[in-house]
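Trainee: Below are the structure tokens for one structure; questions will follow.
The values are calculated or read from the model by the stated rules, or taken from the named source; none is laboratory data. This one's a predicted model, so the numbers in the text were calculated from it and none came from an experiment. Reconstructed Cβ throughout: ideal geometry from the backbone, glycine too, with neighbour counts over all protein chains shown. To get the accessible areas, we keep the full protein, side chains included, count just its heavy atoms, and leave off ligands, DNA and RNA. Shrake-Rupley method; radii C 1.70, N 1.55, O 1.52, S 1.80 Å.
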Amino acid sequence: ARGLLDSIWAIRQMNSTLPAIGAAPLPTSPPAVLKAYGDAAAAVLNPALSSFNNGVRGYYFALAAAAWMLGPWAMIAAVLLAVTLLYVRQVGSGTARGVRQIR
């Protein structure tokens, strides 16, 4: 339930970023304006992305918890698989490498 609620909240927050992107100041605006706008837009987008990530993780672990119906060993295996899958995607994917390069 928490994963679903985080996903819904992320969608609501991301809907707030679309007008912010559309209302972005021109590149010729003063640097102080660009910096302030960038900071404000980041304050809207960063929590949305965090909520979205929490929602996705919630779904992975909800699927793992559903394996409990097959028994405790199936749940243990599913949880380990979910943790491994999330770790590989968080650290070893092409997207993760791209984000590290951007940083």
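Trainee: Does segment 28-42 hold any residues that are within 16 Å of the chain's Cα centre (by Cα) and open to solvent by 70 Å² or more (accessible area, probe 1.4 Å), and which are they?
Mentor: None; the set is empty.
Trainee: Identify the residue in segment 1-13 that is open to solvent by 60 Å² or more (accessible area, probe 1.4 Å) and of a type in the set (A, V, I, L, M, F, W, C) and, among all such residues, is farthest from F61 (Cα to Cα).
Mentor: I11
Trainee: For R57, state whether it is open to solvent by 80 Å² or more (accessible area, probe 1.4 Å) and in contact (Cβ under 8 Å) with a residue 12 or more places away in the chain.
Mentor: Criteria met by R57.
Trainee: Identify, by number, the condition in (1) in contact with a helix residue (DSSP H, G or I) (Cβ under 6 Å, 6 or more places away or on another chain); (2) over 23 Å from Q90 (Cβ atoms); (3) surrounded by 15 or more Cβ atoms within 10 Å (Cβ to Cβ) that P25 doesn't meet.
Mentor: So P25 meets the others, but not (3).
Trainee: Name the pairs whose Cβ atoms lie under 9 Å apart, with the first residue in segment 2-16 and aromatic (F, W, Y), the second assigned to a helix (DSSP H, G or I) and open to solvent by 90 Å² or more (accessible area, probe 1.4 Å), and 6 or more positions between them or separate chains?
Mentor: The qualifying pairs are W9/F52.
Trainee: Pairs needed: first member in segment 61-79, under 21 Å from L4 (Cα atoms); second member anywhere, surrounded by 13 or more Cβ atoms within 10 Å (Cβ to Cβ) and β-branched (V, I, T); C-beta distance under 7 Å; at least 6 residues apart or different chains.
Mentor: What qualifies is A64/V79.
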